[in-house]
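One structure is given below, encoded as structure tokens.
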């Protein structure tokens, strides 16, 4: 006899397949009407609306149903091949990247619910772009993502955080910084005011938890979904990028929506970086990628654990830095 869990997974899979088919039909219709140059999507005729840490984001003003994203690092990699069409080795790399990104998105939808996600698909397309004022027609990788009116909602709440380690006030409040880290990255008692001293942006979220029980319950729902997602995938989501996670009030209730949240920071990478922090923190000053990953992970964990404690469900990320690791944070020059 089919178990309840198996039945629910089957229902989710069937529902996902139908919704993806519908999405693919609509995004293909959208691609068909985009302006072209010799059969290539002409980015000169698209309107840039965002320049994030990873992607440039565009819309086609005549049909703003979707946004189109270009990952700058991936684009530069493909440009470096200097090929109008991808040769077999480059195409294999591109195909693997596309498959990996779309697989990560499906896992995200599974845990958070498609109704809470801006559906996105990564694909290889012929694109026409400027490089140093020279037009290039190449095969590139783009992302098509559903647009959302929530970004126009004046009352939306942005659940994101900054980089405390780059805050110049830390030096003058070192004792508070250390206490905050011991509480959120170790096992000391949590003091809300210590956390908010360096995270004023989150104060409205905390105040709303105190004022609105339903909002607090919605925040709990999000945090518990993340906890299950992290347990299965081992991946963080981007809580530094602005408006990647939004809470909003509609039709008499609170809800949340995830945008471009996929990141490369993982539980496995976190362990490796913490090992380096333990043994040789000075080396992080010569490795920008690892240093930035550490800074991201510290930001994610502190926000998740602080809000988990605020809403009464405890820490979301089970972590306990050693005394040496906490002390060695002082050796890392995050402002390089």
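The values are calculated or read from the model by the stated rules, or taken from the named source; none is laboratory data. What you are looking at is a predicted structure, and each value in this text was computed from that prediction instead of being measured. Reconstructed Cβ throughout: ideal geometry from the backbone, glycine too, with neighbour counts over all protein chains shown.
Does at least one position in region 150-161 carry a residue that is assigned to a helix (DSSP H, G or I), modelled with pLDDT of 95 or more and closer than 30 Å to residue 255 by Cα? Outline the logic, then answer.
Taking region 150-161 as the starting set, the residues that turn out to be assigned to a helix (DSSP H, G or I) are 150-152.
Okay, now just the ones that are also modelled with pLDDT of 95 or more, so none.
No, every residue in region 150-161 fails to be assigned to a helix (DSSP H, G or I), modelled with pLDDT of 95 or more and closer than 30 Å to residue 255 by Cα.
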**OP:** List the strands (runs of 3 or more DSSP E) that sit entirely inside region 244-284 and contain at least 3 residues that are assigned by TED's automatic domain parsing to the domain that holds residue 295, surrounded by 15 or more Cβ atoms within 10 Å (Cβ to Cβ) and without any contact (Cβ under 8 Å) to a residue 40 or more places away in the chain.
**Re:** 262-266
**OP:** Report yes if residue 201 is assigned by TED's automatic domain parsing to the domain that holds residue 166, in contact with a helix residue (DSSP H, G or I) (Cβ under 6 Å, 6 or more places away or on another chain) and surrounded by fewer than 20 Cβ atoms within 10 Å (Cβ to Cβ), otherwise no.
**Re:** no
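Can you say whether residue 234 is touching a helix residue (DSSP H, G or I) at 6+ places or on another chain (Cβ under 8 Å) and on the phi > 0 side of the Ramachandran plot, as far as the supplied structure shows? Full working, then the answer.
On the way: touching a helix residue (DSSP H, G or I) at 6+ places or on another chain (Cβ under 8 Å): yes; on the phi > 0 side of the Ramachandran plot: yes.
When the stated conditions are applied, residue 234 passes them.
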Original post:
Considering only region 1-27, how many residues are surrounded by 11 or more Cβ atoms within 10 Å (Cβ to Cβ) and either part of a loop (DSSP other than H, G, I, E, B) or at pLDDT 80 or above (or both)?
Top reply: 2
Subject >> Among (1) in a loop (DSSP other than H, G, I, E, B); (2) touching a strand residue (DSSP E or B) at 6+ places or on another chain (Cβ under 9 Å) - the single one residue 217 does not satisfy >> reply: (1)
Original post:
Would a scan of region 163-178 turn up a residue that is part of a loop (DSSP other than H, G, I, E, B) and either at pLDDT below 90 or outside the structural domain of residue 315 (by TED's automatic domain parsing) (or both)?
Top reply: no
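Residue by residue, here is whether (1) surrounded by 13 or more Cβ atoms within 10 Å (Cβ to Cβ); (2) within 30 Å of residue 250 (Cα to Cα) holds:
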{"position": "185", "(1), (2)": "yes, no"}
{"position": "189", "(1), (2)": "no, no"}
{"position": "193", "(1), (2)": "no, no"}
{"position": "214", "(1), (2)": "no, yes"}
{"position": "224", "(1), (2)": "yes, yes"}
Subject >> Scope region 28-82; condition surrounded by fewer than 15 Cβ atoms within 10 Å (Cβ to Cβ) and part of a helix (DSSP H, G or I); matching residues >> reply: 28, 29, 32, 33, 44, 72, 73, 76, 79, 80
